[in-house]
Each structure stands twice: as C-alpha cells, then as structure tokens.
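Peer 1: If you scroll down you'll find the structure; I have some questions about it.
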Amino acid sequence: MIKAHKLHLASDRTSCRKATANQFRLMIHTAAYWLLLSLRSLAPRNSFWREAQFDTIRLCLIKVAARVIEMVTRIKIALPTAYPYQAGFTMLTAQIAKLPP
C-alpha cells in the first residue's frame, strides 16, 4: 500500500522548505488515502471496484463531470448519459447513503 500512497496520491512530493508545510501535505495525502481505501471497501466483494487501484478510482469515480442539484432534503447528481461507470457510481453512493452520520 505504500506504493499506492506514493504513486497514485503523489505523497512523496515534499518540495517546500518548511517542515511543517511538508508534514501538513503528507497529512492531507494520508487523509485522501484513507478516504479512497474506505470508498473501495464499500464496494461489493465480487465487484471490480473492490480491487481497483487508487488512480482508477480517482479517474473513473471522483473526477467526473456531473451536475449537482442541492435540494432541501437531498442532493441530486446528474451524470452524463455516456458515462460508462454509472452503475458502479450509483452502487457506491447507495452504500454511502446507508452509513450512519
């Protein structure tokens, strides 16, 4: 998992002169790693997303152009009609909605 942390999240890039800035950057990358790991664990056991690398999850599920509509009681996400991973996206959002607050 260290390879995924360095490669797909670019956490090995600590180019600032101040140690506190580099430490904060590493902390943010660790939080992103934890969120992607949690997202991957929400997928069903026989799903493609359960074994997907972090860059695949980031490119296919997170970096998606969508229209977000905020309502009083819910949030609507309108995905493009040509989006190939729409079923996986809706499955994961349903799993996230089941989690306690």
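The values are calculated or read from the model by the stated rules, or taken from the named source; none is laboratory data. Treat the numbers as computed from the prediction; the structure is a model and nothing was measured. Note that each Cβ is placed from the backbone with ideal geometry, even for glycine, and that neighbours are counted across all protein chains shown. Heavy atoms of the whole protein, side chains included, go into the accessibility calculation; ligands, DNA and RNA do not. Shrake-Rupley method; radii C 1.70, N 1.55, O 1.52, S 1.80 Å.
Peer 1: If I filter region 11-44 down to residues being basic (K, R) and at pLDDT below 85, which single residue comes out as surrounded by the most Cβ atoms within 10 Å (Cβ to Cβ)?
Peer 2: R25
Peer 1: Quickly run through region 34-85 and pick out the residues that are part of a loop (DSSP other than H, G, I, E, B), closer than 16 Å to A97 by Cβ and hydroxyl-bearing (S, T, Y).
Peer 2: Residue satisfying the conditions is T73 alone.
Peer 1: I want to confirm something. Restricting to region 86-101 and keeping residues that are open to solvent by 80 Å² or more (accessible area, probe 1.4 Å) and either outside any helix (DSSP H, G or I) or polar (S, T, N, Q) (or both), which single residue is modelled with the lowest pLDDT?
Peer 2: By that ranking, first place goes to P101.
Peer 1: Under 6 Å between Cβ atoms, at least 6 apart or on separate chains: pull out the pairs that start in region 86-101 with a residue that is farther than 18 Å from A66 by Cα and end on any residue that is of a type in the set (S, T, N, Q).
Peer 2: Final answer for the pair search is none.
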